[in-house]
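The values are calculated or read from the model by the stated rules, or taken from the named source; none is laboratory data. Keep in mind it's a predicted model, so treat the numbers as computed, not measured. Virtual Cβ from ideal backbone geometry, glycine too; neighbours counted across all protein chains shown. Protein only, heavy atoms only, side chains kept; ligands, DNA and RNA dropped before computing areas. Shrake-Rupley method; radii C 1.70, N 1.55, O 1.52, S 1.80 Å.
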Amino acid sequence: MDLLSLPDFTREALAEMGGWTALRSARTLFEAGAVQSVNWEKPVLSGTVREGETVYEPKLDLRSMTFVRNRCSCRTGRSGQVCPHALALCLAARRMEQATPAASVPERPRTGARRVLLPQNWMVVDGSSKYLSIMLREKDHPQYSRLVDWLRAEGFRHEPSNGKWWLRDQHKVLNFLALNRQRLETDYDVGFTEGFLERTRMVQPVKLDCQAQKQRNGFTLRMELQAGDTDIRDIRHALVTGRHYIIQDDKVYLVEKSTLERLASASRSLGGDPDLPMSGIFQMDVPGANLADTASVLEDLEIEAELPADWTERSAAIREVGRLQAPPIPEATAAKFRAYQLIGTAWLWHLYRNRLGGILADEMGLGKTIQAIGLILSWKGAGDRNGPVLVVAPASLLGNWQRELATWAPELNVYLHHGPGRLTEFWPDDKEPDVCLTSYSTLRNDQTLFGGESFSFAIADEAQHVKNRRTHAARSLRSIDAPARFVLTGTPIENSLDDLRSLFEFCLPGYLKRPPSDCRGEDRAWHDKRHLEMAAPYILRRGKKMVAPELPDKIEQTIWCSLEDKQLAYYHAVQQKSQQAMMEMAQSGVSENRLRFALLTELLRLRQVCADPGLVNPEFPLEASGKFLAFRELLEEAMDGGHRILVFSQFVKLLKRLRKWLEDQDIPVAYIDGSTRDRLAVCDSFNKNPDIPLCLISLKAGGTGLNLTGADTVVHFDPWWNPAVEDQATDRAHRIGQERTVTSYKLVTEGTVEDKVLGLQLQKASLLRELLDESAAQSAKVDLDTLKALMS
């Protein structure tokens, strides 16, 4: 016999072949002299073993020490498993090898000393693909109890004789390695013996293969688990039956937990379904709008994929604005742009060239209109014409657009479609303009006219006006025929993520699919988070501190006001009357919508009492308001310091009462509300005339589109539900061109509904930050319970 070629029958190797119980029985047979003959003809070890009156003839096929095949007439051997008789043969063969003179048996090559040195780690793992043993060196280790509980839960059993924890079932061993080896290496001070590493060389992880190919109308992405030549259906069947491993010939493939989680997470994120079943394979078509998001998902999950060059170039430019190509703006105009404005224009131009859309969400005052004009100039210079450019804006901002276009792009032919004298058909005498300006209301009224026209691209300015997707204005905007669409807004989200989804239904139709109507709780949160991640590449948001550090600081301060005695009594009387009315309505069984409307009406009355009780009861003079007294003191101090002031309120009646009081005090005042015809003229007059110390402005009429850098102090007389609206108003003064520090004062009546509104504002501000920081989202809206709480 060629004993040199005999396998190394160590105790661990024999235990792996048949288990420790069988090995103990084999040692009893061997020591009793039961082995009568041994024959080794590589790779088969055979012989005879007498047990009592019965002679057994085991035959071991040892081509693989991992998958040993045995034939023996005993019950265990007949099933193909390694029996004690076969192991007794192995013990006898090992004894023969050791007893053979060195001259007749060449020395077995050794790489080191015979004695195996165990790793010095606190936890030592030994074994193979069929059994595992774990030794814990210190029972007083802080992780000992935690680890012992875990091992017991995984099926390990402790053997007091050697102090080790054993797992001797191949199925459990392979599942344990697949699901927990990474945890062992990450969470514990673990060391693997050389024997374990040697005996598990044939064990390797399943590969997660990711391939992307360019198709005629986009790209196709395919991800699948690969285990040698194993069919994907066999891998799927293994997972369904609880096996996280595949045995193929002499190799074992482990479906590791981390690999499975990465595939599942990518499949569910890209498939838009948090409950997508795990099948081991995922394939999808990737349209142009999804390239950047798909690449981000693969990178975040560390999934290696060779993406086509066209895919990589397009997605990288969207995700890294520094890699954008310069827009083709005339040099003389580009020289007047600030650096960040050129980048914003390049971003818009890149999206347009790829027939995509997006939201330019720069902080108020950084020139979103100018960057949009830069896009129009780039389009004009490139000659890529497929109809004019459509610009839709609130009616109050159309004059501002005309002025900015005349300043920055006088060469453009601009047509204003607004007012009673507008055209009834497009375009008479083939005089197609470069830019068509219109308002949201005109677009809605002339939807049929606009529906018959094609535009090169469309721009929706201050699009928070159409965040309710069900309105006629929103539907009219979505019906526009334009291959690329853009939104300009400093507040892409005000109340909930539905605002954002509505905007994307216009600028990238079908990109953010609405969650199922019955989606609640964790599923809703999953969809919200996913949509924030998907939206991020198509929202460009820069703050003033980032791109315009030369701007002076903006200081925000809340001034807490007290109710005057008569005002306090009147407030409580109105509050009690309102609560009683609401209680009676609820008991009468009115609908939720009707109750909600009534609650809002009563809250409005309470807020009016806080600002000026004369708004509800004309018998109260301005001086009966504690807030007015605080404002008067603030006004006197500001005027003495040479500051100029903007005063915002949502109550026009209050502004008129303030204007009359100021005029009685011979204080010059500018005034803007919804009835003001030429708001830009009022702004110009205020900015140019330092003798006018104060401008009264309706929050909705003057909160957007106006430049009032002549002022350096802003007073919000009454708080509004949404902080973004107030921020827009403040930034009428804190914008490019402002050279002084801007101070914003918010007057809040302590212990009233205004106090609670301020708390609600904090929730809204948090939601806005979540959008812009790409963190987890939460739905925030003024629901019925919140309204009731504000009333209490």
Inset, instruction - Report, in degrees rounded to the nearest 10, the 0 to 90 angle that the Cα long axis of helix 497-507 makes with the longest principal axis of the chain. - result: 80 degrees
Inset, instruction - Kindly provide the pair-distance distribution of the stretch 286-418 built from C-alpha pairs, with 5 Å bins from 0 and whole-percent values in order of increasing distance. - result: 2, 9, 18, 19, 18, 14, 9, 6, 3, 2, 0
Legend entry - Probe 1.4 Å, protein heavy atoms only - accessible area per residue of the stretch 1-88 in square angstrom: 52 Å²
Inset, instruction - Order the peptides 528-537, 84-93, 508-517 from the highest to the lowest mean number of other Cβ atoms within 10 Å of their residues. - result: 84-93, 528-537, 508-517
Inset, instruction - Identify all lysines with a Cα-Cα distance to K42 below 25 Å; exclude those on the same chain that are fewer than 8 residues away in sequence. - result: K59, K130, K251
Legend entry - Whole-Hz couplings from phi, Karplus 6.51/-1.76/1.60, listed for the stretch 68-80; x for Gly and Pro: 6, 10, 10, 10, 8, 6, 6, 4, 5, x, 5, 8, x
Legend entry - Taking the stretch 444-531 and dividing mean pair separation by its residue count, relative contact order in percent (alpha carbons under 8 Å, at least six apart): 27 percent
Inset, instruction - Return the long-range amide H neighbours of V715 (sequence gap of 5 or more, or a different chain), with a cut-off of under 5 Å between placed amide H atoms. - result: L646, V647, F648, Y745
Inset, instruction - Specify the angular offset, from 0 to 90 degrees and rounded to the nearest 10, of the alpha carbon long axis of helix 291-300 from the longest principal axis of the alpha carbons in the chain. - result: 50 degrees
Inset, instruction - Of the DSSP beta bridges with both residues in the chain, give the percent that are antiparallel, rounding to the nearest 5. - result: 45 percent
Inset, instruction - Hey, can you find the accessible area per residue of the stretch 481-625 for me, probe 1.4 Å, expressed in square angstrom? - result: 49 Å²
Inset, instruction - Classify the stretch 1-91 as rounded, prolate or oblate from the Cα gyration tensor: take a ≥ b ≥ c as the square roots of its eigenvalues, call it rounded if a/c is under 1.5, otherwise prolate when a/b beats b/c and oblate if not. - result: rounded
Legend entry - Rel. contact order, % - alpha carbon contacts under 8 angstrom, at least six apart, the chain: 8 percent
Legend entry - Pair-distance profile P(r), taking every C-alpha pair of the stretch 280-354, with 5 angstrom steps and integer %: 3, 13, 22, 20, 14, 10, 8, 5, 3, 1, 1, 0
Inset, instruction - Lys and Arg at +1, Asp and Glu at -1: add these up for the other residues within a Cβ distance under 13 Å of P328 and post the number. - result: 0
Inset, instruction - Find the accessible area per residue for the stretch 260-353; the probe is 1.4 Å, ligands and nucleic acids are left out, and the unit is Å². - result: 48 Å²
Inset, instruction - Could you order peptides 251-261, 224-234, 357-367 by the average number of other Cβ atoms within 10 Å of their residues, highest first? - result: 357-367, 251-261, 224-234
Legend entry - Net dipole in debye of the stretch 507-561 [+1 Lys, Arg Cβ; -1 Asp, Glu Cβ; about Cα centre; nearest 20]: 160 debye
Legend entry - Solvent accessible area, Å² - F686, 1.4 Å probe, full protein context: 0 Å²
Inset, instruction - Over 30 Å between C-alpha atoms is what I'm after, so list which of K368/K627; K368/K688; K529/K746 land there. - result: K368/K627; K529/K746
Inset, instruction - Grab the eigenvalues of the alpha-carbon gyration tensor for the stretch 219-321, scale each by 5, take roots, and send me the semi-axes largest first in whole angstrom. - result: 29, 14, 11
Inset, instruction - Determine the relative contact order of the stretch 321-375: mean sequence separation of Cα pairs under 8 Å and six or more apart, normalised by residue count, in whole percent. - result: 40 percent
Legend entry - Diffusion coefficient, µm² s⁻¹, Stokes-Einstein with Kirkwood Rh over alpha-carbon pairs of the stretch 613-689 at 20 °C and 1.002 mPa s: 155 µm²/s
Inset, instruction - Go through 161-172, 11-22 and give me the packing order, highest mean Cβ count within 10 Å leading. - result: 11-22, 161-172
Inset, instruction - May I ask you to rank M582, M65 by accessible area, largest first, using a 1.4 Å probe over the protein chains only? - result: M65, M582
Inset, instruction - Just tell me which lysines come within less than 18 Å, Cα to Cα, of K577; anything on the same chain fewer than 8 places away is out. - result: K566, K788
Inset, instruction - Give the angle, between 0 and 90 degrees and rounded to the nearest 10, that separates the Cα long axis of helix 753-772 from the longest principal axis of the Cα atoms of the chain. - result: 50 degrees
Inset, instruction - Working with all protein chains in place, sort E138, E462 by solvent-accessible area computed with a 1.4 Å probe, largest first. - result: E138, E462
Inset, instruction - May I ask you to evaluate 6.51 cos²θ - 1.76 cosθ + 1.60, the Karplus curve with θ = phi - 60°, for each residue of the stretch 684-695 and list the ³J(HN,Hα) values in order in whole Hz, giving x for glycine and proline? - result: 4, 4, 5, 5, 8, 10, x, 7, 9, x, 8, 10
Inset, instruction - Roll a 1.4 angstrom probe over the protein heavy atoms and tell me the percent of accessible area of the chain that is carbon or sulfur. - result: 47 percent
Inset, instruction - Kindly provide the helix-only [θ] at 222 nm of the chain, computed as the sum of -39,500 (n - 2.57) over DSSP H runs of four or more divided by all residues, to the nearest 500 deg cm²/dmol? - result: -13000 deg cm²/dmol
